[in-house]
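Every number in this text was worked out from the coordinates using simple rules, so none of it is lab data. Here the structure is a predicted model, which means the values were calculated and not measured. Neighbour counts run over all protein chains shown; Cβ positions are idealised from the backbone, glycine included.
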Amino acid sequence: MGEGGASLAEVPVGWHPLLRRLDEQLSMIDPAYVVFRVTSTFGALEFAARAAALDRAERSRFGSVIEDAAWESITVCEVCGGEARQYVIRLRVWTVCAGHAHEIAGTAAN
Ligand SMILES: [Zn+2]
């Protein structure tokens, strides 16, 4: 995933398959692209990357692949990769399945 100092450690594990796919797609456009930041912001994937010298069409494809992944991330449970929606629990936005929303809310209540 390039040498931008970003790591998967800050990304919820349920999103790792999505990120691997994103990485594959971006690598096909630019094998030398660099990731600066990959994290979860308000329950959505935030992915900041820079490509090398791309032409206009490639640059636009690069951006839209990242955007598609961000949209997809809000439908994928952060914990298990299952079908998710967004919940606000303890002032934080979680993108999780119903089961994990219940679990997180239960933990918060204790
Ligand atoms: Zn789940």
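Residue selection: Ser40 fails the criterion of being within 16 Å of the ligand (Cβ to nearest atom) and touching a Leu at 6+ places or on another chain (Cβ under 6 Å). Filtered by the rule that a residue be surrounded by 15 or more Cβ atoms within 10 Å (Cβ to Cβ) and among the charged types (D, E, K, R), region 51-98 gives Arg61, Glu72, Glu78. Screening Ala84 against (1) closer than 14 Å to His16 by Cα; (2) within 16 Å of the ligand (Cβ to nearest atom) leaves a single unmet condition, (1). Per the listing Gly43, Gly14, Gly99, Gly81, the residue uniquely in contact with a Pro (Cβ under 7 Å, 6 or more places away or on another chain) and not aromatic (Phe, Trp, Tyr) is Gly81.
Residues to consider are Glu46, Glu10, Glu24; find the one that is surrounded by 13 or more Cβ atoms within 10 Å (Cβ to Cβ), of a type in the set (Asp, Glu) and either free of Cβ contacts under 8 Å to residues at least 12 places away in the same chain or within 16 Å of Trp94 (Cβ to Cβ) (or both). So the residue among Glu46, Glu10, Glu24 that is surrounded by 13 or more Cβ atoms within 10 Å (Cβ to Cβ), of a type in the set (Asp, Glu) and either free of Cβ contacts under 8 Å to residues at least 12 places away in the same chain or within 16 Å of Trp94 (Cβ to Cβ) (or both) is Glu46. Remark: pairs (first residue in region 63-87, part of a helix (DSSP H, G or I); second residue within 13 Å of the ligand (Cβ to nearest atom); Cβ separation under 8 Å; 6+ apart in sequence or on different chains) = Ser73/Trp15; Ser73/Thr95. If only residues of region 56-95 that are under 12 Å from the mean Cα position of the chain (by Cα) and β-branched (Val, Ile, Thr) are counted, the one that is farthest from Ala32 (Cα to Cα) is Thr95.
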